[in-house]
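Below you'll find the structure, written out as structure tokens, and then a few comments.
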Amino acid sequence: MESMMYPSLIYDTDKLIELVLELKKQRNAVILTHNYQSPEMYKIADYIGDSLGLSIKASETDADVILFCGVKFMAETAKILNPGKTVLLPTLNAGCSLADMATAAKLKEVKEMYPDAAVVSYVNTNADIKAMSDICCTSANAVEIVNSLPNKRVIFLPDKNLGRYVQRHTNKEIILWDGYCFVHDKLNADVLMDFKQRYPDAKVIAHPECKEELLKMADHVCGTGGMSKFAKLDGSKNFIVVTECGMTEKLKQDVPEKNFMSFCNVCPYMKSVTLPLVARSLIQNTYEITLPQNIMVNARKSIDRMLEFSKNAA
Ligand code: 13P
Ligand code: SF4
């Protein structure tokens, strides 16, 4: 590794990709990449997918190092599922403001108010919240997981838009948390209406973190993992994709025979992971994810329950 060039001196994307691929081999590392990353980041990835797929891959890998091109809650989930591995996040800027909207103190209060309720936490939470939850979910399985629980009441956190979407698909009482993803929440339904009028033959695919009025205008609501599947199977040629901007690039790669237009915002956390930072991460071991043992053990129970559910549902 000493012979490696310092990555900040390399500005050429192809050379950076070459360097990362070489470092990856040397460290016996696997690179797990979220759909929202930029296309150049796809080129260094061993797997590109949604939060659920990334968790499954993290639990299964026998590589020594798991490097996450995603955000911190995803890297934490990988560490919890595979604690013997070195898990790296290339920059500490890759947080998630939605995850930070749920605090342990507030959850303790809400649990005391509703002692009979199950706690379902979206994977977009920090590890201490997962450790206080009964089960986790992602946008791919939230409705099914809530419906599978014996409890009549469910505390659902932290995304109120996803929570409301779940509420529309269950008979259970959902106790909503006042959290939201600003990337999705600020997408405006009137602007989407203009888009729809301009492209009347295009189908709208929207992420459930968007506001209710916008989801009501969508032809299909799903997490990032479901978007390619829908676009492949649906008879339409044109789609308006309502989520983070990176997803449109992924759809263009996955379904090249169809046309995708973006109605989107950029997630600055996702986009803070770059090729030079990935190279630095593999050279300098930055930033290694570590978590307290008790949090890891308890958070694992809620993530394992979700993965077990997904396996049985598949
Ligand atoms: P998915 O699980 O649908 O990939 O979503 C992750 C995310 O961060 C959405 O903002
Ligand atoms: Fe968090 Fe929203 Fe970014 Fe997803 S898109 S990582 S929920 S801030």
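What number results when the radius of gyration of region 111-214, computed over Cα atoms, is divided by 2.2 N^0.38 Å?
Numbers: Rg = 15.3 Å, N = 104, 2.2 N^0.38 = 12.8 Å.
Against the empirical 2.2 N^0.38 Å value, I get 1.19 for region 111-214.
Can you list, largest first and rounded to whole Å, the semi-axes you get for region 66-108 by taking the square root of 5 times each eigenvalue of its Cα gyration tensor? Don't skip to the end; give the middle numbers.
Working: eigenvalues 91, 39, 8 Å².
Output for region 66-108: semi-axes of 21, 14, 6 Å.
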Using only protein heavy atoms and a 1.4 Å probe, report how much of GLU18 is accessible, in Å² to the nearest 10. 130
Bin all alpha-carbon pair distances of region 10-116 at 5 Å intervals from 0 and give each bin's fraction as a whole percent. 2, 12, 19, 20, 17, 11, 8, 5, 3, 2, 1, 0
What Cys residues in the chain are without a partner cysteine, judged by a Cβ distance under 4.7 Å? CYS69, CYS96, CYS136, CYS137, CYS181, CYS210, CYS222, CYS267
Quick one: dipole size for the chain, taken about the Cα centre, charges +1 on Lys/Arg Cβ and -1 on Asp/Glu Cβ, in debye to the nearest 20. 380
Interatomic Cα distance distribution for the chain, bins of 10 angstrom, percent: 6, 27, 33, 24, 9, 1, 0
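The values are calculated or read from the model by the stated rules, or taken from the named source; none is laboratory data. Source: prediction; values computed, not measured. A quick note on method: Cβ atoms are made from the backbone with ideal geometry, for glycine too, and the neighbour counts reach across all protein chains shown. Note: accessible area is taken over every heavy atom of the protein model, side chains too, but ligands, DNA and RNA are not part of it. Shrake-Rupley method; radii C 1.70, N 1.55, O 1.52, S 1.80 Å.
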